[in-house]
1. Would you kindly state how much longer the chain becomes between residue 128 and residue 147 on full extension, computed as 0.36 nm times their sequence separation minus their alpha carbon distance, in nm to one decimal?
2. Could you compute how much accessible surface residue 110 exposes when probed at 1.4 Å, giving the result in Å² to the nearest 10?
3. On a full-extension model of 0.36 nm per residue, what is the gain between residue 100 and residue 18, subtracting their alpha-carbon distance, rounded to one decimal in nm?
4. Give the long-range amide H neighbours of residue 52: residues separated by 5 or more places, or on another chain, with amide H under 5 Å away, using H modelled in the peptide plane at 1.01 Å from N.
5. Out of the trypsin sites (Lys or Arg not before Pro) in region 89-169, which ones are loop residues according to DSSP with at most 14 other C-beta atoms within 10 Å?
6. Quick check: with the 1.4 Å probe, what order do 83, 96 take by accessible area, largest first?
7. With a ≥ b ≥ c taken as the square roots of the eigenvalues of the C-alpha gyration tensor of region 23-76, please select rounded if a/c is under 1.5 and otherwise prolate if a/b is larger than b/c or oblate if it is not?
8. For region 82-169, what does the alpha-carbon gyration tensor say about shape, rounded, prolate or oblate, given a ≥ b ≥ c as the root eigenvalues, a/c under 1.5 as rounded, and a/b over b/c as prolate?
Amino acid sequence: MTSDHRTGPPHLGSERETLRAFLDYHRATLAMKCEGLTDEELRQRSMPPSTLSLLGLVRHMAEVERTWFRRVFEDNDVPLVWSDEMDFQAAYDAGSSTREEAFAAWEAEVAAARRIEWAADSLDLVGFQPRWGEEVSLRMVMVHVLLEYGRHNGHADFLREGVDGAVGA
């Protein structure tokens, strides 16, 4: 990994500023864990039979961003990025994926999520989560996606160490 370019969350701030900053911090953490690696290294799996890889995590987080922001607040029927059949596991299959393909999709979904969040009048904005058949608030969505990043960045720590021994941050 190269140097740490992440901006840490504020120690003081509103609920929204804090959630936004922590989410961006974790997004930057995932990107940082992938820095300096080749496509082949990014596709390296953790251990059989798992298909988990850093590139698979990037693809998965593109699906998470789309599912929780675009599908909930804009278009409940928008398909997943890598599956027309709502197969959330398909994103993990990065065997033929490239950094360019995965990061382009992920960055597009992050941009859409940011646009949706910035346009919302408040965290009380309500959307519809089609998988649950229930309404959810933007607050809940931001917390949920933040927890997804936290969980998967832990996986990314181990995956990166397995690729080249790099640890930290």
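The values are calculated or read from the model by the stated rules, or taken from the named source; none is laboratory data. Treat the numbers as computed from the prediction; the structure is a model and nothing was measured. Using ideal geometry, Cβ is built from the backbone for each residue, glycine included, and neighbour counts are taken over all protein chains shown. Remember, those area values only see protein heavy atoms, side chains included, never the ligands or the DNA or RNA. Shrake-Rupley method; radii C 1.70, N 1.55, O 1.52, S 1.80 Å.
1. 4.9 nm
2. Spelled out: residue 110, probe radius 1.4 Å, area about 10 Å².
3. Fully extending the segment from residue 100 to residue 18 adds 26.5 nm.
4. 46, 47
5. 131
6. 96, 83
7. Because a/c hits 1.5 or more and a/b fails to exceed b/c, region 23-76 counts as oblate.
8. Prolate shape, in that a/c is at least 1.5 and a/b is the bigger ratio.
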